[in-house]
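The values are calculated or read from the model by the stated rules, or taken from the named source; none is laboratory data. This structure is a prediction, so every number in the text was calculated from the model and none was measured. Glycine also receives a Cβ, built like all others from the backbone with ideal geometry; neighbour counts cover every protein chain displayed. Areas reflect the complete protein model, heavy atoms only, side chains present, ligands, DNA and RNA absent. Shrake-Rupley method; radii C 1.70, N 1.55, O 1.52, S 1.80 Å.
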Amino acid sequence: MKTEGSLVQNDFPELVQHLHEARWTGVLTLTHVGIGRSVTVQDGRMVFASSSSPDDRLGELLLKRGRLTLRQFVDAGKAVVPGKRLGTVLVEQGTLSPKELVRGVVEHTQEIIYGAFQWTDGHYRLQEGGTSEAITLNISTPDLIMEGIRRIDSWVRVDRAVGGLTAQYEKAQGSEAIAAKMALPEEKLRLLTGLSGTLDVETICASSPLKDFETCQTLWAFRVIGLVHRVDTPPEVATEPEDDGLGSVL
């Protein structure tokens, strides 16, 4: 994989899986419409993330989730100085316990990474090398990809990734070993175990315990992770900007 590239040609879920398979270590930097996100990767696992967007900051997340009052949020912000992070200030002020801070930082890291799954354009850059963070995310890459794709609500993206009603899939060799290390909900595990032989998407949806949209999301995630693979050859389609649905109306 190139050290720099476009998210149009390298969809973010596929990029995450590639780094996982390569057991890559370094910093993945993403840019999109003026916003930058930096993700620390250790041996193919995403363990920390930061964002240049004010709405992605730790304090804002804690405020929105009711972990901070507005007064606590404002007072802590005033006490932040170069070299001292907001989390340290919140603990020093007695607003959060160290345990609560760890939970908040982990959730903050997850939200920044999951937000990157929504990006359909922009650029990425890979900078190899070891880094260290005091608080890191402890979630497997396959589980992270499952949740990231579950949060994608664009049918255009899901349909393009899956291939439509007639696309054919089968279970990949070694899928049971991969699934055994994941925290798959029962209904998604049943979708995988029920995939016997080669089946098209319509048949998979008909037999799935999930709603069709979620079935397609799950099938996409399974393909990226390597639990299933597509049997038929997908037609070559030119990459176009996503349509929000207004084009057909206008």
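Would you confirm whether or not segment 141-156 contains a residue that is over 30 Å from GLY59 (Cα atoms) and either over 16 Å from the mean Cα position of the chain (by Cα) or open to solvent by 60 Å² or more (accessible area, probe 1.4 Å) (or both)?
Among the residues of segment 141-156, at least one is over 30 Å from GLY59 (Cα atoms) and either over 16 Å from the mean Cα position of the chain (by Cα) or open to solvent by 60 Å² or more (accessible area, probe 1.4 Å) (or both), which makes the answer yes.
Looking at VAL8, is it within 24 Å of TRP220 (Cβ to Cβ), open to solvent by 30 Å² or more (accessible area, probe 1.4 Å) and either at pLDDT 95 or above or in a loop (DSSP other than H, G, I, E, B) (or both)?
yes
Give me the helices (runs of 4 or more DSSP H) completely within segment 18-103, filtered to those with at least 2 residues that are polar (S, T, N, Q) and open to solvent by less than 30 Å² (accessible area, probe 1.4 Å), ordered by residue number.
none
For segment 163-203, give me each residue that is open to solvent by less than 40 Å² (accessible area, probe 1.4 Å), out of contact with any His (no Cβ under 8 Å at 6 or more places or on another chain) and within 30 Å of ASN138 (Cβ to Cβ).
If the condition is that a residue be open to solvent by less than 40 Å² (accessible area, probe 1.4 Å), out of contact with any His (no Cβ under 8 Å at 6 or more places or on another chain) and within 30 Å of ASN138 (Cβ to Cβ), then GLY174, SER175, ALA179, MET182, LEU184, LYS188, LEU191, LEU192, LEU195 are the ones that fit.
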